[in-house]
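What follows is one structure encoded as structure tokens, with my remarks underneath.
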Amino acid sequence: MIEVPVDAPVGVVTADAKRCDLGCFPTRAQYLDLVAAFKADGFEICADLCGVDYLEHPSRALPEGVAATRFEVVVNLLSMSRRQRVRIRVQAGDEDPEVDSLFSIYPGTEAMEREAFDMFGVLFRGHPDLTRILMPEEWEGHPLRKDYGVGRVPVQFKEAPGPR
């Protein structure tokens, strides 16, 4: 089991996590400093960053001291040199989810944050280009939100080839 880096913010809630060495549950205020501390401690790679909508699971299991919100941002950091993995789960808010961007620490998160914005509507403060990445710019809403209306989008086939 690994420890939270010495220069990490004081009071970050930690817990055992499935399929990783440590799970951290920082507040939104602690989030950026915690990630920077792990980077300085040798976690070279941000392997994944994604959004989660817990609309239908408001009473999910969280460590004591962590107040659940509807939206969560989950970050997986990896240290190849130490062969360790850390999962960071920050509660992003309810109606207007928002957290700091990790772009200044891990530039590779640029597209992952855009995807979480596009699909869930999570705003990343300080992101250099927070625009849609998967959906057309004129698309209204965020398709992976649990309250997004289910409907059909007509498929238009242009110049489909004839029989073979």
- Query: Would region 27-41 turn up any residue that is touching a helix residue (DSSP H, G or I) at 6+ places or on another chain (Cβ under 7 Å), over 16 Å from Arg125 (Cβ atoms) and either not in a loop (DSSP other than H, G, I, E, B) or not acidic (Asp, Glu) (or both)?
  - Reply: no
- In region 42-73, which residues are in a loop (DSSP other than H, G, I, E, B) and either closer than 16 Å to Glu98 by Cβ or of a type in the set (Ser, Thr, Tyr) (or both)? Tyr54, Ser59, Ala67, Thr69, Arg70
- When Ala29 is run through (1) among the aliphatic types (A, V, I, L, M); (2) over 17 Å from Pro9 (Cβ atoms); (3) within 16 Å of the chain's Cα centre (by Cα); (4) surrounded by fewer than 17 Cβ atoms within 10 Å (Cβ to Cβ), the failure sits at (2)
- Item | Residues located in region 35-50, provided they are under 17 Å from Glu113 (Cβ atoms) and among the acidic types (Asp, Glu) | Asp48
- Query: Among the residues of region 61-77 satisfying the criterion of being within 15 Å of the chain's Cα centre (by Cα) and either more than 21 Å from Ala29 (Cβ to Cβ) or touching a residue at least 40 places away in the same chain (Cβ under 8 Å) (or both), which is surrounded by the fewest Cβ atoms within 10 Å (Cβ to Cβ)?
  - Reply: Asn76
- Message: Anything in region 2-17 that is part of a loop (DSSP other than H, G, I, E, B) and either touching a Gly at 6+ places or on another chain (Cβ under 6 Å) or acidic (Asp, Glu) (or both)? List them, or say none.
- Response: Glu3, Asp7, Asp16, Ala17
- Which of the residues spanning region 78-125 are at positive phi and either at pLDDT 95 or above or part of a strand (DSSP E or B) (or both)? Gly93, Gly121
- Message: Any residue at all in region 115-122 that's closer than 18 Å to Val12 by Cβ and not charged (D, E, K, R)?
- Response: no
- Which condition does Val150 not pass, out of (1) more than 17 Å from Cys50 (Cα to Cα); (2) hydrophobic (A, V, I, L, M, F, W, C); (3) modelled with pLDDT of 90 or more, if it passes all the others? (3)
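The values are calculated or read from the model by the stated rules, or taken from the named source; none is laboratory data. This is a predicted model, so every value here is computed, not measured. Glycine gets a Cβ as well: all are built from the backbone with ideal geometry, and neighbour counts include every protein chain shown.
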